[in-house]
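For reference, the structure discussed in these notes is given below.
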Amino acid sequence: MSQHSGMAAPPSGIASLIPARIRNILAPESGHLRELDGIRAFSIMLVLAAHLLPLTFTGWELNESAGIAGMSLFFSLSGFLIASILWKRPQVKPFLIRRVARIAPLMYLYAVVVALVVYWRPDTFLAILTFTLNYNDPQIYKGVSHLWSLCVEMHFYLGIALAVGLFGRKGFWIVPIAAVAVTGLRIEDGAVASIRTHHRIDEILTGALLGLWWANRGTPALQGAVWQGIETWVRRLLPLLFVLWLLACYPPARPLPYFRPYITMLMVSGVMLQASDGRLKQFLSTAPLGFIARISYALYIWHPLMALGPMSQGSAPVRYLIKRPITFLLTFIAATLSTAYYEKIFTDWARRLTGQSRRQ
């Protein structure tokens, strides 16, 4: 076939043995900030490490901190993505269709497997189905406890959709107001890392602020000397912001954990500014990190199941040197297959229904 035919050459060698749908996951996408893939990949790797590995060093119990760190990045990127989407296209109905199609199908499949088949807990299944698990402590147990974060996500989707649906882009004014209000409530209640939406959603809201800033960065209002100076200082202070972020993810380091949403927002913005060119961008845009990012949601959903039952039993050497590698392998296989063959059914349907191309 001619190189000028406008069609991509068929895969050759080992690549030809990989099914097309999985090759689509491996292939980098265009039209988005690839450096964010690197951040997303690190967020899920931190969460997996927190849940599956013994992160204890000289008496420091760091599993909780690693989980908090991973979720802070996850929430910040989520807010960034949602604000960017709705600012560009402030249409609530297609937005909700696409987000529900992205989140619910795999979450519900997992709920059937774990809540109904493994445990037979219809009450837990109902809490997951209605995105109220993070307010139903008796229904939270090993294997489903991680789904609290998706409840927070869905509550944010509904809230921001309501604001934009009622007021259009002016509805985004609720974002900074709500972020400050939630942070104040967290400080008053001593909530450092809660699973309740009203004690955690400020991490998504500050990510949304970052998305709004990035979406409007080229406008005259954000091109003045003040904003340019802020960007310059955020770049220069990135190492300090990274250290502050690590401390903010360590619960005993109060009061910094209360301000983790804002520190994360500044750190991520610093990474984005620093990664606008140079080696950092090349590193964050590498193919392995991109692949992990594209299956990150499925990795998050499946990983607790792979560590249940016999996979969590035995001595520490047996659990962590023999069984954990198997758990990681099974998790990556399940995530790759479900992303390529299950989730794609629903996301493609939502794109067709809302008139959105895959690259938008």
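What the table shows:
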{"item": "Breaking point among (1) modelled with pLDDT of 95 or more; (2) closer than 30 Å to residue 213 by Cα; (3) under 19 Å from the mean Cα position of the chain (by Cα), for residue 87", "result": "(3)"}
{"item": "Matching option when the condition is closer than 18 Å to residue 99 by Cα, surrounded by fewer than 17 Cβ atoms within 10 Å (Cβ to Cβ) and modelled with pLDDT under 95, among 358, 351", "result": "358"}
{"item": "Residue list for segment 279-318, filter: of a type in the set (S, T, N, Q) and surrounded by 17 or more Cβ atoms within 10 Å (Cβ to Cβ)", "result": "285, 296"}
{"item": "Matching residues, segment 253-263, being exposed (fewer than 15 other Cβ atoms within 10 Å of the Cβ) and at pLDDT 95 or above", "result": "255"}
{"item": "All positions within segment 202-252 that are among the β-branched types (Val, Ile, Thr), crowded, with 18+ Cβ neighbours inside 10 Å and over 18 Å from the mean Cα position of the chain (by Cα)", "result": "234"}
{"item": "Condition check for residue 336: within 22 Å of residue 103 (Cβ to Cβ), surrounded by 13 or more Cβ atoms within 10 Å (Cβ to Cβ), touching a Gly at 6+ places or on another chain (Cβ under 9 Å) and polar (S, T, N, Q)", "result": "no"}
{"item": "Which numbered condition residue 351 misses (of (1) over 30 Å from residue 227 (Cβ atoms); (2) without any contact (Cβ under 8 Å) to a residue 40 or more places away in the chain; (3) in a helix (DSSP H, G or I))", "result": "(2)"}
{"item": "Some residue of segment 269-280 being within 17 Å of residue 44 (Cα to Cα), assigned to a helix (DSSP H, G or I) and in contact (Cβ under 8 Å) with a residue 12 or more places away in the chain", "result": "no"}
{"item": "Number of the condition not met by residue 128 [criteria: (1) surrounded by fewer than 21 Cβ atoms within 10 Å (Cβ to Cβ); (2) assigned to a helix (DSSP H, G or I); (3) in contact (Cβ under 8 Å) with a residue 12 or more places away in the chain; (4) not hydroxyl-bearing (Ser, Thr, Tyr)]", "result": "(1)"}
{"item": "Matching residues in segment 49-65 - criterion: being in a helix (DSSP H, G or I) and in contact (Cβ under 8 Å) with a residue 40 or more places away in the chain", "result": "51, 52, 64, 65"}
{"item": "Lone qualifier among 133, 96, 73 - being without any contact (Cβ under 8 Å) to a residue 40 or more places away in the chain and under 29 Å from residue 174 (Cβ atoms)", "result": "133"}
{"item": "Output for segment 260-282, where each listed residue is over 19 Å from the mean Cα position of the chain (by Cα), on the phi < 0 side of the Ramachandran plot and not acidic (Asp, Glu)", "result": "273, 274, 275, 276, 279, 280, 281, 282"}
{"item": "Selected residue (only one of 169, 196 is touching a helix residue (DSSP H, G or I) at 6+ places or on another chain (Cβ under 9 Å), surrounded by fewer than 21 Cβ atoms within 10 Å (Cβ to Cβ), touching a residue at least 60 places away in the same chain (Cβ under 8 Å) and farther than 22 Å from residue 260 by Cβ)", "result": "169"}
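To keep it simple, each residue is scored yes or no on (1) touching a helix residue (DSSP H, G or I) at 6+ places or on another chain (Cβ under 7 Å); (2) not hydrophobic (A, V, I, L, M, F, W, C).
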position: 266; (1), (2): yes, no
position: 273; (1), (2): yes, no
position: 295; (1), (2): yes, no
position: 303; (1), (2): yes, yes
position: 320; (1), (2): no, yes
position: 324; (1), (2): yes, yes
position: 334; (1), (2): yes, no
position: 340; (1), (2): yes, no
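Residue-wise test of (1) over 30 Å from residue 352 (Cα atoms); (2) at pLDDT 90 or above; (3) within 19 Å of the chain's Cα centre (by Cα).
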site	(1), (2), (3)
25	no, no, yes
41	no, yes, yes
61	yes, no, no
71	yes, yes, yes
76	no, yes, yes
110	no, yes, yes
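The values are calculated or read from the model by the stated rules, or taken from the named source; none is laboratory data. The model shown is predicted, which means the values in this text are computed figures rather than measured ones. Positions of Cβ are backbone-derived with ideal geometry, glycine not excepted, and every protein chain shown enters the neighbour counts.
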